[in-house]
Amino acid sequence: MNLHAIAAIYRFEMARAFRTLTESIASPVLSTSLYFVVFGAAIGARMGEVGGVGYGAFIIPGLVMLSLLNESISNASFGIYMPKWSGTIYELLSAPVSFVEVLAGYVGAAVTKSMLLGALILVTARLFVPYTIAHPLWMLAFLLLTAVSFCLFGFIIGLWADDFQKLQVIPLMVMTPLTFLGGAFYSIDMLPPLWQKISLFNPVLYLISGFRWSFYGVADVDVGLSLAAIVGFLALCLALVWWIFRSGWKLKA
């Protein structure tokens, strides 16, 4: 294992993040804070409880996931797309580093940024809405598994994209609608029976449900299914990255 190569890629990506601190950290925290003000403090104070939890506190896990999913994909996809765009990826491919080391450097940095963002949002939420974490270790586990999985997914998108517009297609056109419709602001028990069944086909529902369970002990689906869903997605992303580096798809063309 070439630890020097991993550290060099990791430091480069983290330095880029701190150079663009406003866009990578401050902007998503500020945007999420507006959700807390509007939905948590203003509207939530006038709504009843959902599953025995105050509405303002109920939406915190969903809002964290909303930011975490989009930022994980964006950070990782932009990180690997830039070497492709500038042509320096050929230097990386010809260097004596394996795909595991490349992956560890790029995805490790993206995961660090995503975890930092998640922690900042949770701290910010405390300023607007009181909440508790019933299972802190499971909360960290779900947060880490989600960050790793979607940073891997973002890495794949960065390899697939051949222009800057494609980098935003999945986060804006796919992930954001799925998150809004995945129980970020409501429990699927509040939906008509038909829509409850349709919601079960939304993969993001399982992520939000498991993460919310770690806070309050309430969930829309079984926690075991949530854990299986995120682990299965992680395994799928790892298999896709392995195939991409083995075949050279979108790398050697």
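Nothing in this text is a laboratory measurement; each read-out follows from the coordinates by a stated rule. Nothing here was measured: the structure is a model prediction, and the numbers come from that model. Methodologically, a virtual Cβ is constructed for each residue, glycine included, from the backbone with ideal geometry; neighbour enumeration extends over all protein chains shown.
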- Message: On C-alpha positions alone, give me the angle between the axis of helix 203-216 and the longest principal axis of the chain, in degrees, nearest 10.
- Response: 60 degrees
- Task: Among the trypsin sites (Lys or Arg not before Pro) in segment 197-253, which ones are in a DSSP loop with at most 11 other Cβ atoms within 10 Å of the Cβ? Mind listing them?
- Result: Lys252
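Within 10 Å of each candidate Cβ there may be at most 16 other Cβ atoms; applying that plus a DSSP loop requirement, which chymotrypsin sites (Phe, Trp or Tyr not before Pro) in segment 218-253 survive?
Filter output for segment 218-253: Trp249.
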- What's the angle, to the nearest 10 degrees (0 to 90), between helix 136-160's Cα axis and the longest principal axis of the chain? 40 degrees
- Using the alpha-carbon atoms, what tilt in degrees (0 to 90, nearest 10) does helix 60-86 show relative to the longest principal axis of the chain? 10 degrees
- Message: Quick check on the chain: take the gyration tensor over C-alpha atoms, sort the square-rooted eigenvalues as a ≥ b ≥ c, and tell me if it's rounded (a/c under 1.5), prolate or oblate.
- Response: prolate
- Item | the chain, helix-only ellipticity at 222 nm - DSSP H runs n ≥ 4, -39,500 (n - 2.57), divided by all residues, nearest 500 | -22500 deg cm²/dmol
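Between Thr176 and Leu34, what FRET efficiency comes out of the Förster formula 1/(1 + (r/R0)^6) with R0 = 22 Å and r the beta carbon distance, rounded to 0.05?
Efficiency for this residue pair is about 0.90.
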